[in-house]
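The values are calculated or read from the model by the stated rules, or taken from the named source; none is laboratory data. Please read all numbers here as calculations on a predicted model, not as lab measurements. Positions of Cβ are generated from backbone atoms using ideal geometry, with glycine treated the same way; all protein chains shown enter the neighbour counts. Calculation scope for accessible area: heavy atoms of the full protein, side chains included, ligands and nucleic acids excluded. Shrake-Rupley method; radii C 1.70, N 1.55, O 1.52, S 1.80 Å.
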Amino acid sequence: MNALQTPAPSLAQRYGAQVRRRITVLLLLLGLLLLVFATDLGTGPAGITWHTVWQGLHAPQQLDEGTRVILWELRLPYAVMAVLVGAALGLAGAQMQTVLNNPLASPFTLGLSAAASVGASLAIVTGFTAWGLGPELALPLCAFGGAVFAALIIHVLAWRWGASVNGVVLFGIALMFSCEALLWLLQFLADSNALQQIVFWSMGSLGRSTWPKIGVLTTVLLVCALWTQSQAWSLTALRNGEDHARSSGVAVERLRLESLVRVSLLSGTALAFVGTIGFVGLVGPHIARLSLGEDHRFYLPASALAGALMLSCASILSKVLLPGVVLPIGIVTALVGVPVFMLLVLRHQGGLRT
């Protein structure tokens, strides 16, 4: 009987099966993202058919001028930017949750989004003239500067003064409320035209997407993704605890600093181009963690894919919830993200993990 029994799989075989399963999940996420991306291209008030979309992608010269402009100058940049911004925020959120060991950490909850809004609002209220730049450059640069400045403040308060990871979260929450107060002050001082611009920008919108902006964000995302992936082993070790990471040879403080730099670049660049978009960097990493676990070789790309998928779905919803009207995408992500955020808070009501 013993000779006929099937031998138990070895450790190497079980590991190989686990890796294949995770790769399969990544491919499924990628395939689902491509499907949603195609749906996003075919959705909109213009009523362009699927056949026209396909024809316009591989043979744009066969389309009339109006349809070609709608597809290549409006819908395609809109859909591509949704993928890139979602991926950037998802990847940034995954790193923040790892280095802070906190499931509620994200660029939105730690004040980076609010700081970007303050920077953009300052550019709007001053009429862009104080910066010596036109609105196309001044607004995204000021928004990016606000996000980077906020990340720098968090870093100085946290690690220069030896704060714990919970202290970092508290610093971020305090910074978020401070930035909200500054934003209210700028709105109070703004005239009616500037106030309208601030309100529209703070809602988050993909309508300002252009190919040069897509090129900048693509470059930042690729550089940060490759840089982060090169430290996947160290981030996985850190997730198992600081003592474990240090005993494995990981320079924890340096890893946190480099991660914060990447988070600043990713979230600052993304938010500078599209405005305030919350909860993608919070929810996307949780989807990836539930699907693939904590191995950052797979968790990091899955977080980017999940964030891109979430924002692409929100892009579709923003165009179909009210026929003939394209809602600001920040409203849609907030409507979806708030219930998920509350569930996470209730799940960890006993206290934040350290």
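Over segment 36-118, what lengths in whole Å, largest first, do the semi-axes of the equivalent ellipsoid take, defined as the square roots of 5 times the eigenvalues of the alpha-carbon gyration tensor?
On the way: eigenvalues 274, 33, 18 Å².
Working through the eigenvalues yields semi-axes of 37, 13, 9 Å.
Just in segment 143-244: which chymotrypsin sites (Phe, Trp or Tyr not before Pro) are loop by DSSP and have at most 16 other Cβ atoms within 10 Å? The partial results should precede the final answer.
Numbers: sites: F144, F149, W159, W161, F171, F177, W184, F188, F200, W201, W227, W233; in loops: W161.
Answer in residue order: W161.
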Original post:
What percentage of the solvent-accessible surface of the chain, computed with a 1.4 Å probe over protein heavy atoms, is contributed by carbon and sulfur atoms?
Top reply: 70
Original post:
Which whole-Hz ³J(HN,Hα) couplings does segment 236-248 yield from phi under the Karplus relation 6.51 cos²θ - 1.76 cosθ + 1.60, θ = phi - 60°, glycine and proline marked x?
Top reply: 5, 5, 5, 4, 7, x, 5, 4, 4, 5, 5, 5, 8
Original post:
Accessible surface of D295 in the full protein assembly, 1.4 angstrom probe, to the nearest 10 Å²?
Top reply: 30
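With the contact rule set at Cα under 8 Å and sequence spacing of 6 or more, what percent relative contact order holds for the chain? Walk me through the numbers on the way to the answer.
Details: 525 pairs, mean separation 107.1, N = 354.
Averaging sequence separation for qualifying contacts and normalising by length gives 30 percent for the chain.
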Subject >> Residue-by-residue Karplus 3J(HN,Hα) for segment 23-28, coefficients 6.51, -1.76, 1.60, Hz, glycine and proline x >> reply: 5, 4, 5, 4, 5, 5
Subject >> Dimensions (Å) - the chain, Cα atoms, principal axes, largest first >> reply: 79, 57, 34
Original post:
Expressed as a rounded percentage, what relative contact order does segment 191-335 have, with Cα pairs under 8 Å and six or more residues apart?
Top reply: 32
**OP:** Write down the accessible area per residue of the chain in Å², having rolled a 1.4 Å probe over the full set of protein chains.
**Re:** 47
Original post:
Counting only the heavy atoms of the protein chains, how much of S192 is accessible to a 1.4 Å probe, in Å² to the nearest 10?
Top reply: 100
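If you take the square roots of the eigenvalues of the alpha-carbon gyration tensor of segment 1-82 and sort them as a ≥ b ≥ c, do you get rounded (a/c under 1.5), prolate (a/b over b/c) or oblate? All intermediate terms of the calculation are to be shown ahead of the outcome.
Numbers: a/c = 5.09, a/b = 4.11, b/c = 1.24.
Because a/c hits 1.5 or more and a/b exceeds b/c, segment 1-82 counts as prolate.
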